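Since the structure comes first, as structure tokens, the remarks are kept for the end.
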Amino acid sequence: MRKFSAIALATLAASPAFAASGPFFSLGNTDFIVLLGFLVFLAVLVYFKVPGLLGGLLDKRAAGIQSDLDEARALREEAQTLLASYERKQREVQDQADRIVAHAKQEAELAAEQAKADMKESIARRLAAAESQIASAEASAVREVRDSAITVAIAAAKDVVADQMTAADQSKLIDEAIATVGAKLH
């Protein structure tokens with residue numbers, strides 16, 4: 001740091017301002033020569049209208065920046081409009097999805113109730129069919145028992161009649177049967 005300050009002090013001490021000597025308005029005075037050069041430089045700049053050109057360039061640049069800002073503002077407003085539109089659409093889609101879910105739940109509940117009713121109806125039909133089969137089986141069993149009882153009774157009656165019947169009774173029954181058939185045929 002000390003080296004830097006020493007160098008800066010030496011540089012300032014060796015500046016052209018300290019080299020100037022003599023009267024100010026002489027060609028031997030470097031300050032006067034620098035002043036004249038600077039004034040000529042400014043005159044050349046004014047002659048070629050450099051300040052106007054720089055002002056025009058700065059104005060053009062300012063106008064470009066302003067148009068960029070206006071375009072950015074318009075784009076921002078358009079983006080906000082699009083964002084609001086998309087948010088509105090998102091809310092509408094969410095509402096529609098909620099309605100669809102509610103409708104699906106309602107249909108599922110109705111389908112479940114219908115399935116329960118169909119199941120009860122099916123069970124009732126099966127019970128009725130089972131009861132009908134049971135009644136039919138009971139009737140069939142009663143018929144079989146009755147038929148078996150009749151067969152046994154006929155066989156028992158046959159045996160009893162065969163044991164008690166004599167040859168004369170048999171001839172008499174045969175004659176009666178022939179007479180009955182003859183009367184029915186004529």
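The values are calculated or read from the model by the stated rules, or taken from the named source; none is laboratory data. If you're wondering where the values come from, they're calculated on a predicted model, not measured in any experiment. For neighbour counting, all protein chains shown are included, and Cβ atoms are generated from backbone atoms with ideal geometry for every residue, glycine included.
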| query | Does ALA74 fit the bill of being among the small types (Gly, Ala, Ser), surrounded by 10 or more Cβ atoms within 10 Å (Cβ to Cβ) and within 26 Å of the chain's Cα centre (by Cα)? | reply | no
Checked segment 32-59 for anything basic (Lys, Arg) and either at pLDDT 95 or above or loosely packed, with under 10 Cβ neighbours inside 10 Å (or both); matches are none
Residue set ALA112, ALA155; condition modelled with pLDDT of 90 or more, of a type outside the set (Asp, Glu) and in a helix (DSSP H, G or I); output residue ALA112
The residue from ALA6, ALA10 that alone is over 46 Å from the mean Cα position of the chain (by Cα), assigned to a helix (DSSP H, G or I), surrounded by 10 or more Cβ atoms within 10 Å (Cβ to Cβ) and at pLDDT below 90 is ALA6
Test for SER26: is it part of a loop (DSSP other than H, G, I, E, B) and either among the polar types (S, T, N, Q) or at pLDDT 90 or above (or both)
yes
